[in-house]
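So the structure is just underneath, and the comments pick up after that.
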């Protein structure tokens with residue numbers, strides 16, 4: 001079953017995917033539960049254009065795509081803070097502009113010979129060493145950020161007003177979270193694809209919330225499910241000759257359906273046992 005690990009490119013693909021999934025799972029609850037889940041999808045459009053520009057000037061587009069995405073993420077945060085725009089509106093304005101720019105560049109660049117499909121759905125099996133290094137740095141940054149600012153992030157996620165009253169620098173946390181999300185998307189977009197990368201942010205918290213309401217458990221269950229899903233997705237994609245990114249998303253979807261069914265069953269059992277509990281208490 002694990003025979004694919006004898007190939008170096010598969011080991012690189014697995015390591016990159018696990019690092020990306022770890023970073024995404026740690027960011028997931030802070031983004032989704034604070035209603036910022038659209039930022040991953042918006043940043044994917046922006047990263048698409050960044051990679052397109054990077055491919056025109058370098059074989060390693062990460063060096064150009066990363067600063068491009070960081071500037072765009074700061075622009076989104078600035079618009080929400082200063083231009084009195086809702087978060088989703090700011091994301092929509094910047095991401096649509098960036099995507100339109102990318103499509104214009106592609107249409108006018110005769111020398112652009114890269115497959116657009118690979119940018120949209122990913123090419124995890126063509127991982128480069130710089131991408132692997134970038135994913136390692138990303139994972140380290142996200143882990144350090146969550147560990148250092150965990151309590152402040154927790155407060156800000158559920159009540160920004162109270163967080164400001166308590167002296168939390170919510171503006172810094174918002175910019176930092178946006179920047180880390182943009183780095184995650186840029187690192188992952190070539191491997192997973194612009195159309196699929198946002199799923200790595202959405203699914204971990206959605207799956208874990210079916211089983212627990214505790215924020216701490218939601219975070220760590222999301223990490224666990226994300227790592228298991230990524231490993232299973234790569235394993236099945238190798239043995240069944242499926243595209244890797246879509247295979248991982250299918251496993252994510254299956255986990256979400258299963259955990260949703262489990263939540264319904266457990267809820268029905270609690271309701272069924274409730275009358276018995278009340279009668280015993282009365283007697």
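Quick note: the coordinates plus some simple rules give every number you see, no bench work behind them. What you see is a predicted model, and the numbers here were worked out from it, not measured in a lab. Using ideal geometry, Cβ is built from the backbone for each residue, glycine included, and neighbour counts are taken over all protein chains shown.
Can you list residue pairs whose Cβ atoms sit under 6 Å apart, with the first residue in segment 40-63 being free of Cβ contacts under 8 Å to residues at least 40 places away in the same chain and the second being in a helix (DSSP H, G or I)? Count only pairs 6 or more apart in sequence or on different chains.
That search, which allows pairs on different chains as well, returns 54/64; 54/65.
Does segment 161-213 hold any residues that are over 18 Å from residue 24 (Cβ atoms) and touching a residue at least 60 places away in the same chain (Cβ under 8 Å), and which are they?
Of everything in segment 161-213, those that are over 18 Å from residue 24 (Cβ atoms) and touching a residue at least 60 places away in the same chain (Cβ under 8 Å) turn out to be 171, 174, 175.
Six or more apart or on different chains, Cβ atoms under 8 Å: show the pairs whose first residue is in segment 232-244 and farther than 13 Å from residue 125 by Cα and whose second is assigned to a loop (DSSP other than H, G, I, E, B).
The qualifying pairs are 236/242; 239/1.
Mind listing whichever residues of segment 37-63 are in contact with a helix residue (DSSP H, G or I) (Cβ under 6 Å, 6 or more places away or on another chain), under 16 Å from residue 91 (Cα atoms) and surrounded by fewer than 22 Cβ atoms within 10 Å (Cβ to Cβ)?
37, 38
Which of the residues that make up segment 133-182 are surrounded by 12 or more Cβ atoms within 10 Å (Cβ to Cβ) and not in a helix (DSSP H, G or I)?
Within segment 133-182, 159, 166, 168, 169 meet the criteria.
Any residue that is part of a helix (DSSP H, G or I), within 21 Å of residue 159 (Cα to Cα) and without any contact (Cβ under 8 Å) to a residue 60 or more places away in the chain - is there at least one of those in segment 71-78?
Kept after step one, since they are part of a helix (DSSP H, G or I), are these residues of segment 71-78: 71-78.
If we keep only those that are within 21 Å of residue 159 (Cα to Cα) as well, we get 76-78.
Then keep just the ones that are without any contact (Cβ under 8 Å) to a residue 60 or more places away in the chain; that gives 78.
Checking segment 71-78: at least one residue is part of a helix (DSSP H, G or I), within 21 Å of residue 159 (Cα to Cα) and without any contact (Cβ under 8 Å) to a residue 60 or more places away in the chain.
Name the residues in segment 1-31 that are in contact (Cβ under 8 Å) with a residue 40 or more places away in the chain, part of a helix (DSSP H, G or I) and exposed (fewer than 14 other Cβ atoms within 10 Å of the Cβ), would you? Working first, answer last.
Residues of segment 1-31 in contact (Cβ under 8 Å) with a residue 40 or more places away in the chain: 1-2, 4, 9-10, 12-31.
Checking the rest, the ones that are also part of a helix (DSSP H, G or I) come to 4, 9-10, 12-31.
Result: 9, single match.
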